[in-house]
1. Just checking, does the range 212-232 include any residue being out of contact with any Ser or Thr (no Cβ under 9 Å at 6 or more places or on another chain), outside any strand (DSSP E or B), under 27 Å from G298 (Cα atoms) and at pLDDT 90 or above?
2. Starting from the range 223-238, take each residue that is more than 15 Å from D277 (Cα to Cα) and list its partners that are of a type in the set (A, V, I, L, M), counting only C-beta distances under 8 angstrom and pairs at least six apart or across chains.
3. Only one of these conditions is not met by A52: (1) loosely packed, with under 15 Cβ neighbours inside 10 Å; (2) over 27 Å from R84 (Cα atoms); (3) free of Cβ contacts under 8 Å to residues at least 12 places away in the same chain; (4) in contact with a helix residue (DSSP H, G or I) (Cβ under 9 Å, 6 or more places away or on another chain). Which number is it?
4. Tell me which residues, restricted to the range 149-185, are crowded, with 19+ Cβ neighbours inside 10 Å, touching a residue at least 60 places away in the same chain (Cβ under 8 Å) and under 15 Å from the mean Cα position of the chain (by Cα).
5. Any chance you could count how many residues in the range 193-208 are out of contact with any helix residue (DSSP H, G or I) (no Cβ under 6 Å at 6 or more places or on another chain), more than 23 Å from R142 (Cα to Cα) and crowded, with 18+ Cβ neighbours inside 10 Å?
6. Among (1) surrounded by 11 or more Cβ atoms within 10 Å (Cβ to Cβ); (2) part of a loop (DSSP other than H, G, I, E, B); (3) among the aliphatic types (A, V, I, L, M); (4) over 32 Å from the mean Cα position of the chain (by Cα), which single condition is I39 missing?
7. Output yes when any residue across the range 273-283 is open to solvent by 80 Å² or more (accessible area, probe 1.4 Å), over 15 Å from E104 (Cβ atoms) and at pLDDT below 90, and no when none is.
8. All but one of (1) open to solvent by less than 90 Å² (accessible area, probe 1.4 Å); (2) touching a residue at least 40 places away in the same chain (Cβ under 8 Å); (3) not β-branched (V, I, T) hold for R96; state the number of the condition that does not hold.
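The values are calculated or read from the model by the stated rules, or taken from the named source; none is laboratory data. None of these values were measured; they are calculated from a predicted model. Cβ sites come from the backbone with ideal geometry, for glycine too, and all protein chains shown count toward neighbours. Just the protein is used for accessible areas: all its heavy atoms, side chains included, with ligands, DNA and RNA removed. Shrake-Rupley method; radii C 1.70, N 1.55, O 1.52, S 1.80 Å.
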Amino acid sequence: MTIVELKFGSMRKNKKCIPVTDLFIQLLCFFMDGTSRHISWFDHLKSDESYAALLATKEECLASSHSVKSFFGRFSFVRDYLFRCLLQRLFIWRLRKTRPNVIELGIDTMVLENDDARKRQGVQPTYKKVKEFHPLQMNWGRYMVDAVFRGGSIHSNHGDTVEKMLVHIVDKIYREYRDDVPIVVRMDAAFFDEEIFKRCEQLNIGYLCAGKLYANVRKSAENATNWRTFTSAGSRDVWEYTEFMSQQGTWEKARRTIYSRLIVVDTQLSLPGMGHDSVIITNIGMGSVVDDLLRQAGEEHQIRAHSILSSGITGGVMMNWQTRR
């Protein structure tokens, strides 16, 4: 809350107003509670004599619906950016506390439906034909690292937002944590873009991106003879995989491609063409700087295709990589 006061304390108009940190605590509790989604619920909480004691605050510091609306009205674009700074500062703090040998980041988007609200400034129709928001997010495990709030019509890989996000957070990690820690970014097929791949390669970080079943990729898989099988711990599903180099028409160079398909589902054989086929594009295992960093960190096993696919299944991200034929 010291950081919150430092970054958002100026939003308090005068000393008679509720302290900003108290407002943040009440808002966070409101979001996590989920009993009501209406701001008028704050009036009910304010009349509850036990609520102030629960939050360890004074009764006069409980916010009403009017106070919350006034507080939201004082936010600007600059202050929205301060939330990103707050998330990143917490991220670096957690890195220093846990000291991971490898930092695995995820980039994804999340659709936030707001079709039933009377006021919905900035919402735009999405592919689901409702008025929503479509923020871009970066996560580290279950923690949010960075986020960009956007309208619903903005597609996942809009402009160069992803590249700027990567440049900024990688620079922050190298400056404020360690400059020799290997960084690996996981992305789904929405970010299948060579410009992002080139940016990752320039930053000397690894990437694992879900590919697309283009004709040249399927043909390479059909001609492959070095198929191998594996299963993940706690599962009876059986996968088989192969790897080769693939290059799309506009790409400057070919990249490592890992093609896998599900052949046994819970002891039942999957007929050809009826299972899940997935493609992963990566620069790991291509002799780049990130390979050396993984070896130095004692994580050389992460270079092998078997480990890449196994971590995807056990980490619950393989379903995002799967594409049904």
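1. Checked against the condition, which is being out of contact with any Ser or Thr (no Cβ under 9 Å at 6 or more places or on another chain), outside any strand (DSSP E or B), under 27 Å from G298 (Cα atoms) and at pLDDT 90 or above, the range 212-232 yields no hits at all.
2. Taking only residues 6 or more apart or on different chains, the pairs are T231/V238; S232/I313; S235/I313; R236/V264.
3. Of everything listed in (1) loosely packed, with under 15 Cβ neighbours inside 10 Å; (2) over 27 Å from R84 (Cα atoms); (3) free of Cβ contacts under 8 Å to residues at least 12 places away in the same chain; (4) in contact with a helix residue (DSSP H, G or I) (Cβ under 9 Å, 6 or more places away or on another chain), A52 misses just condition (1).
4. Matches in the range 149-185: I169, I183, V184, V185.
5. 2
6. (4)
7. Here is the first cut: in the range 273-283, the residues open to solvent by 80 Å² or more (accessible area, probe 1.4 Å) are 274.
Pick out the ones that are also over 15 Å from E104 (Cβ atoms) and you get 274.
The next check asks that each one be at pLDDT below 90; those that pass are 274.
Yes, the range 273-283 contains a residue that is open to solvent by 80 Å² or more (accessible area, probe 1.4 Å), over 15 Å from E104 (Cβ atoms) and at pLDDT below 90.
8. (1)
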